[in-house]
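Just so it is clear, none of the values below were taken in a lab; they were calculated from the coordinates. Note that this is a predicted model, so its numbers are computed, not measured. Virtual Cβ from ideal backbone geometry, glycine too; neighbours counted across all protein chains shown.
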Amino acid sequence: MNPLADMLNSLKLAAKTGKSSVVVPYSNLKNEVAKVLVSTGYLKAVNQLGKKNRKYLEFFLAYKDKMPKLSGLRHVSKPSRRVYRGTKSLTGVKSGRGLAIVSTPQGVMTDRAARAAKIGGEILAEVW
């Protein structure tokens, strides 16, 4: 029912089982979230596969000393309960060791970037 939740669950399970890559159906939101995860180092790369009618995204997980950098993931804003935060209420995840992925009017970004730009938005996920 929720494509973003399916993508996040696929990434979490792939990290737990030690897989090197995951393939999920394409959407613009998934692509933007993946770009944030690549820029923060939780994913190595993202490739777009398929033709015009059937596109897919292939995620390559990042590992350090045979341990995945992505150790935990939580889907925050759900279709039944949307979670919005202003600039002042965007707090750190896991005492600053993690990050929140925020959908803002200026695009999908991390909570740190949203605080620096002084904008709030919808909290999509928390990663640590």
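Values computed for the structure shown
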| quantity | calculated |
| --- | --- |
| Charge-dipole axis of the stretch 73-127 as Lys and Arg at +1 and Asp and Glu at -1 on Cβ define it, positive-most pick from Ser95, Val127, Leu73 | Ser95 |
| Shape metrics for the stretch 1-71, restricted to C-alpha atoms - Rg then Dmax, Å | 11.7, 39 |
| Volume of the Cα convex hull of the chain, divided per residue and given in Å³ | 110 |
| Cubic angstrom per residue, convex hull over Cα atoms of the stretch 73-127 | 71 |
| Given Lys19/Lys51; Lys78/Lys118; Lys12/Lys88; Lys64/Lys118; Lys19/Lys69, the pairs whose alpha carbons are separated by over 21 Å | Lys19/Lys51; Lys78/Lys118; Lys12/Lys88; Lys64/Lys118 |
| Ser71 long-range amide H proximity, modeled H, under 5 Å | Trp128 |
| Translational diffusion of the stretch 36-83, µm² s⁻¹ [Kirkwood Rh, Cα pairs; Stokes-Einstein; 20 °C; 1.002 mPa s] | 164 |
| Calculated from backbone phi, Karplus (6.51, -1.76, 1.60) coupling profile of the stretch 15-22 in Hz, x at Gly/Pro | 5, 5, 8, x, 6, 8, 8, 9 |
| Thr40, Thr17 arranged by Cβ crowding within 10 Å, fewest neighbours leading | Thr17, Thr40 |
| Size of electric dipole in the stretch 73-127: Cβ of Lys, Arg +1 and of Asp, Glu -1, about Cα centre, debye, nearest 20 | 160 |
